[in-house]
Amino acid sequence: MSLLVVGLSHRSAPVSVLERAALAPESRGKLLQDVVSAEPATESAALSTCNRIELYADVDKFHAGVAELSTLLARHCGVGLEELTPHLYVHYEDRAVHHLFSVACGLDSMVVGEGQILGQIKDALAVAQEQHTAGRLLNDLFQQALRVGKRAHSETGIDKAGQSLVTFGLEQLAGGADVAGWARGKRALVIGAGSMSSLAATTLARNGVGELAVANRTVARAERLVQILTEPGGPGAGTGLAARAIAMDAVAAELAEAEIVVSCTGASGLVLTGEAIAAALAGRTGLLALLDLAMPRDIDAAVHGIDGARLVDIETLAEASADAPMAADVDRVRGIVAEEVAAFGAAQRAAHITPTVVALRTMAADVVSSEMGRLEGRLPDLDDKQRAEITQTVRRVVDKLLHAPTVRVKQLASEPGGAGYADALRELFDLDPQTVAAVSRADTRADRPEAARERA
């Protein structure tokens with residue numbers, strides 16, 4: 001296994017760097033293609049969230065891989081390599097697997113235990129499959145990461161150790177008060193209709209806001225979100241929620257009446273300036289609570305200094321989460337991660353020797369076929385029944401001779417340091433390396449991309 005991850009997150013970089021290094025959704029495909037076009041890499045995937053960007057690749061050279069992935073990350077993020085490098089972290093082989101599994105469980109999240117990261121990992125795999133840059137290694141890795149994350153949430157109370165970023169942000173806005181009691185009856189504005197904004201709108205509806213306006217550049221998406229919120233069985237059904245969709249040019253007027261604002265768009269610039277917030281507060285009383293979950297930020301940081309406004313943004317959340325209590329279940333999740341990392345490594349090492357075992361059995365079958373041909377030349381009077389019985393007997397003998405060593409070599413190869421057993425098997429039986437490579441190529445082609453998508 002030659003898995004490499006290069007990335008940056010809220011743990012390694014300040015928000016000022018993270019918000020400028022944000023990777024636009026439309027840029028991910030080109031980035032993945034550039035990675036696999038580079039000499040050291042054969043597979044690639046990118047995990048991009050509001051507080052992390054990570055590149056995963058299967059590389060044949062460690063140092064060249066680190067240099068190439070760092071350069072491409074800087075180029076596509078629009079931040080100079082010299083500025084980005086001090087904030088990058090690198091994980092290789094088992095450490096890279098451990099990192100992704102920890103991320104999937106929410107152990108590396110800003111809010112420990114949050115579950116939204118699983119959807120983002122699934123999305124990262126889907127994009128890599130669509131771009132045909134995820135092969136056997138990354139398909140196996142990301143699919144197992146999803147299983148590990150689900151296992152952590154089902155077998156432990158990791159969910160209690162933290163909440164989603166939305167819930168945590170609303171708790172910070174509420175200043176320690178119960179969110180449902182604080183939000184009940186208030187007038188709210190949600191800007192954006194993507195996954196995070198939809199989660200925010202759903203959370204606000206469940207916590208009893210009286211009115212909710214959803215603003216989006218594509219009004220149809222805002223209307224669809226409102227429909228979901230208010231339809232029978234929806235989070236706002238039966239609560240008396242008055243929800244409506246508005247265009248972005250109506251946001252300024254809505255701000256003058258709103259008490260809670262949540263913004264999370266993909267805009268490259270500010271959506272709400274300090275001047276816009278100051279204008280909305282002119283002539284009114286009461287606090288305007290604003291939650292900015294976007295990266296780069298949607299709401300001007302200058303709002304922190306405006307009387308009558310309380311802003312919670314990614315930087316605020318990072319500071320608050322550092323003091324959040326850790327649940328005892330976190331230790332159990334760490335144990336699950338360690339167990340799953342060992343299982344993944346064993347499976348990868350065992351898979352590495354499979355082409356060699358297949359090539360050995362193919363060679364044995366060829367030997368049986370050749371010897372049966374010679375026998376027919378020497379004993380031409382054998383009838384079909386006799387010939388079939390002799391052939392079956394010879395095959396059984398060969399299978400029994402190969403069974404124990406092939407089973408044992410797979411067991412040995414799955415253990416740490418077992419990679420050399422495949423080489424030993426090739427040497428002992430003088431297997432043609434080209435034959436082994438042909439088996440590996442056929443196996444890889446069968447695994448990507450259609451078969452991989454079916455498993456996902």
| query | DSSP beta bridges in the chain, what fraction antiparallel, as a percent rounded to 5? | reply | 45 percent
| field | Accessible surface ranking that places the most exposed of Asp123, Asp313, Asp430, Asp58 first, with a 1.4 angstrom probe | value | Asp430, Asp123, Asp58, Asp313
| said: Just the number please: accessible area per residue for the chain, 1.4 Å probe, all protein chains included, in Å². | reply: 46 Å²
| remark: Taking alpha-carbon centroids only, region 29-75 lies from region 351-416 a number of Å equal to 43 Å
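Which order do you get for Glu54, Glu114, Glu82, Glu231 if you rank them by accessible area with a 1.4 Å probe, largest at the top?
Reading off the accessible areas and sorting them downward yields Glu82, Glu231, Glu114, Glu54.
Compute the FRET efficiency between Ala302 and Ala342 as 1/(1 + (r/R0)^6), taking r as their Cβ-Cβ distance and R0 = 56 Å, and round to the nearest 0.05. Don't skip to the end; give the middle numbers.
Working: r = 50 Å, r/R0 = 0.89.
Computed FRET efficiency for Ala302 and Ala342: 0.65.
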| Difference of contour (0.36 nm per residue) and Cα-Cα distance, Ser12 to Arg334 | 113.9 nm
| request: Would you mind classifying the chain by shape? Square roots of the alpha carbon gyration tensor eigenvalues, ordered a ≥ b ≥ c; an a/c under 1.5 is rounded, otherwise it is prolate if a/b is larger than b/c and oblate if not. | output: prolate
| task | Would you calculate, for the chain, the mean residue ellipticity at 222 nm contributed by helices, counting each DSSP H stretch of 4 or more residues as -39,500 (n - 2.57) and dividing by all residues, to the nearest 500? | result | -18000 deg cm²/dmol
| task | Check each of the GluC sites (Glu not before Pro) in region 244-316 and keep only those in coil by DSSP with at most 15 other C-beta atoms within 10 angstrom; list them in order. | result | Glu257
| query | Just how much of Arg334 is accessible, in Å², when a 1.4 Å probe is used and the result is rounded to the nearest 10? | reply | 120 Å²
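Where the accessible area of the chain is counted over protein heavy atoms with a 1.4 Å probe, how much of it, in %, is carbon and sulfur?
Working: 10960 of 21060 Å².
Here it works out to 52 percent.
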| Along region 255-268, what does the Karplus equation 6.51 cos²θ - 1.76 cosθ + 1.60 (θ = phi - 60°) give for ³J(HN,Hα), rounded to whole Hz, x for Gly and Pro? | 4, 5, 10, 6, 10, 10, 10, 10, 10, 7, 10, x, 5, 7
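Shape of region 181-302 from its Cα gyration tensor (a ≥ b ≥ c, root eigenvalues): rounded if a/c is under 1.5, otherwise prolate when a/b > b/c, or oblate?
Note, shape of region 181-302 comes out oblate.
Using +1 on the beta carbon of Lys and Arg, -1 on that of Asp and Glu, and nothing else charged, what's the dipole of the chain about the Cα centre, debye to 20?
Numbers: 44 positive and 59 negative charges, 176 e Å.
That gives a dipole near 840 debye.
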| task | Compute the separation of the alpha-carbon centres of region 218-265 and region 127-178 and state it in Å as a whole number. | result | 26 Å
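Could you work out the relative contact order of the chain? I mean the mean sequence separation of Cα pairs under 8 Å and 6+ apart, divided by the number of residues, in percent.
It rounds to 14 percent for the chain.
The values are calculated or read from the model by the stated rules, or taken from the named source; none is laboratory data. Quick caveat: nothing in here was measured; it's all calculated off a predicted structure. In this analysis, Cβ positions are derived from the backbone assuming ideal geometry, glycine residues included, and neighbour counts consider all displayed protein chains. These area figures cover heavy atoms from the full protein model, side chains too; ligands, DNA and RNA do not enter into them. Shrake-Rupley method; radii C 1.70, N 1.55, O 1.52, S 1.80 Å.
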